[in-house]
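Reading through the structure tokens given below for one structure.
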Amino acid sequence: MSRFRIAPSILSADFGRLAEEVRAAGEAGADCIHLDVMDGHFVPNLTIGPDVVAAVTAATSLPRDVHLMVSRPDDLLDAFVEAGATTLGVHVEACHHLHRTLQRIRDAGVRASVTLNPATPAASIEHVLPLVDQVLVMTVNPGFGGQAFIPEVMPKLRQVRSLVDKSGRAIDVQVDGGVGLETIEEVALHGANVFVMGSAFFRADDYADFVRRIRARLQPYE
Ligand code: DX5
Ligand code: ZN
């Protein structure tokens, strides 16, 4: 069993055939489904709400990793828990009371993920590590699929990995944005173990073959 996990982002899937796409991702070897929620305010784009998360929940038994890119995440937590999120992620930059928000997510019985924009320092999550199950290090500025990977984030990814290891807790380190065949080795080398992939995954002609090629590149870093 690999320590690495592949999380296709449905942002780049065919929304007209969403259930089929989610099932195909599972059959191809995905480990969880990543869902990007955008409010047109925290980020300049609008995407999905709880009803689409519920539709994905009905279509798959894979875990649902919900990435909230919204200005007021506290108002929406309950709706996404009811819709079947198994991990709920909030941005450091969007939370006035980050500790409280993460505590609420845990109290709701789902995994808590804390997310850092490219310009936000690793130190901003240090004091909430006892509350989280995952740290998401953004490797693009959030808002759109298909953007170019930002290599300047790599030193921070290494710092986050080191903080997580020092915590002694089993916390996943996830990357999101511009991850694909060309960048997978770099993010693995710098400490990521969960890889969100939107355009690279869903633009592949054969999802299973894509997963095999990604896993082959990860092999030396197991
Ligand atoms: C970006 C989203 C990502 C997006 C990644 O704001 O958080 O999850 O789907 O897309 P790619 O993999 O195409 O960069
Ligand atoms: Zn995302």
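Bear in mind that the values in this text are calculations on the coordinates, not laboratory data. Computed from a prediction, not measured in an experiment: that's the story for all the values here. Cβ atoms come from the backbone with ideal geometry, glycine included; neighbour counts cover every protein chain shown.
What the table shows:
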read-out: Fluctuation leader among P118, P130, P142 - the chain, Gaussian network, Cα springs under 10 angstrom; value: P130
read-out: Debye log10 I(q)/I(0) at q = 0.12, 0.15, 0.18, 0.23 Å⁻¹ for segment 1-114, Cα point scatterers; value: -0.40, -0.63, -0.89, -1.31
read-out: Mean separation of Cα contacts under 8 Å (6+ apart) over length of the chain, as relative contact order %; value: 21
read-out: For segment 29-85, fraction of C-alpha pairs farther apart than 19 Å, in %; value: 25
read-out: Ascending count of other beta-carbon atoms within 10 Å, so fewest first, for K156, K166; value: K166, K156
read-out: Neighbourhood net charge (12 Å Cβ-Cβ; Lys/Arg +1, Asp/Glu -1) for D78; value: -3
read-out: Stokes-Einstein translational diffusion, segment 139-207 - Kirkwood Rh over all Cα pairs, 0.890 mPa s, 25 °C, in µm²/s; value: 194
read-out: Two-decimal Rg/Rh across the chain, once Rg and the Kirkwood Rh are taken from alpha-carbon atoms; value: 0.93
read-out: Contact order relative to length of segment 64-115, as percent, for alpha carbon pairs under 8 angstrom and 6 or more apart; value: 40
read-out: Equivalent ellipsoid dimensions for segment 92-222 as semi-axes, Å, which come from the Cα gyration tensor, largest first; value: 26, 16, 15
read-out: Cα-centre dipole for segment 1-144 with unit charges at Cβ (Lys and Arg positive, Asp and Glu negative), debye to 20; value: 300
read-out: Stokes-Einstein D for segment 49-127, Kirkwood Rh over Cα pairs, 10 °C, 1.306 mPa s (µm²/s); value: 123
read-out: For segment 5-81 versus segment 131-181, the gap between their alpha-carbon centres in whole angstrom; value: 18
read-out: If the convex hull is drawn through the Cα atoms of segment 148-188, its volume per residue in Å³; value: 63
read-out: Fewest-first ranking of M154, M197, M138, using other Cβ atoms within 10 Å as the exposure measure; value: M154, M138, M197
read-out: Helix-only [θ]222 nm of the chain, DSSP H runs n ≥ 4, -39500 (n - 2.57) each, per residue, nearest 500; value: -9500 deg cm²/dmol
